[in-house]
Structure formats: structure tokens, C-alpha cells
């Protein structure tokens, strides 16, 4: 009897903990397309008839062939690093990984495939 009570208590704790954990994590989605507009605060990407507008900030990671070289040059010149418009350009083929927060799509990672 005592053993069943312990097992039941552990099961309740495990299930309640996993629900709280799942609510705290945001799902990461991907969007592939061509850049139609870029600014310091957003990137607009189009795939067919679908257009996605993604917010970007200092936490957004950008992967491109020239990113490391440009980052090093900016840091050598005393600048803080790269801005999104320095690396992502209109016409680039990109993959954007993003999370939805407060009805906005926040880009966490942008990979530039080609120009």
C-alpha cells in the first residue's frame, strides 16, 4: 500500500512538471524563401505567394560566407559587430528559423544560401 502511494505521488509530480516545462518552451519553425526587404529591425521573405515578416534583434544569428570576415573587420575598426543589412540583402535565398511570440515572428537564426 505504501509503495503504491509513492508511485502515484511520483507519477503526479512527473506529469505536472512536464506540462509546465512544455508551456515554457517556444516551438522553433523554419521558413525558406527569397529576401524582399531588409532593415535593422526586420527581414521580409517571400516563398511563392506567402510572405513572412520576421523581427530581428541583436540576438538573431546570421550565417553567411562573408559574416565572419565582416565581423572581424568591424571589431578591428572598433565597431560592435555586424548589422543584419550588412549581411542579408534583397534577392538572397535564406532559411529563417523563428519563434512566434505575442503574434510576432522573431527570427533566431538566418542562413543565407545564395545571392
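Every number in this text was worked out from the coordinates using simple rules, so none of it is lab data. For clarity, every value in this text was computed on a predicted model and none was experimentally measured. Cβ atoms come from the backbone with ideal geometry, glycine included; neighbour counts cover every protein chain shown.
Things worth noting here:
- Spin-label pair residue 29/residue 57, simplified geometry with 7 Å Cα→Cβ offset, distance in nm: 1.9
- Prolate is the label for segment 28-114, because a/c, from the alpha-carbon gyration tensor with a ≥ b ≥ c as root eigenvalues, is 1.5 or above and a/b exceeds b/c.
- For the peptides 33-41, 71-79, 87-95, the ranking by mean Cβ contacts within 10 Å, running from highest to lowest, is 87-95, 33-41, 71-79.
- Cut-off 12 Å (backbone N to label point 7 Å along Cα→Cβ of residue 89), residues of segment 48-72: 66
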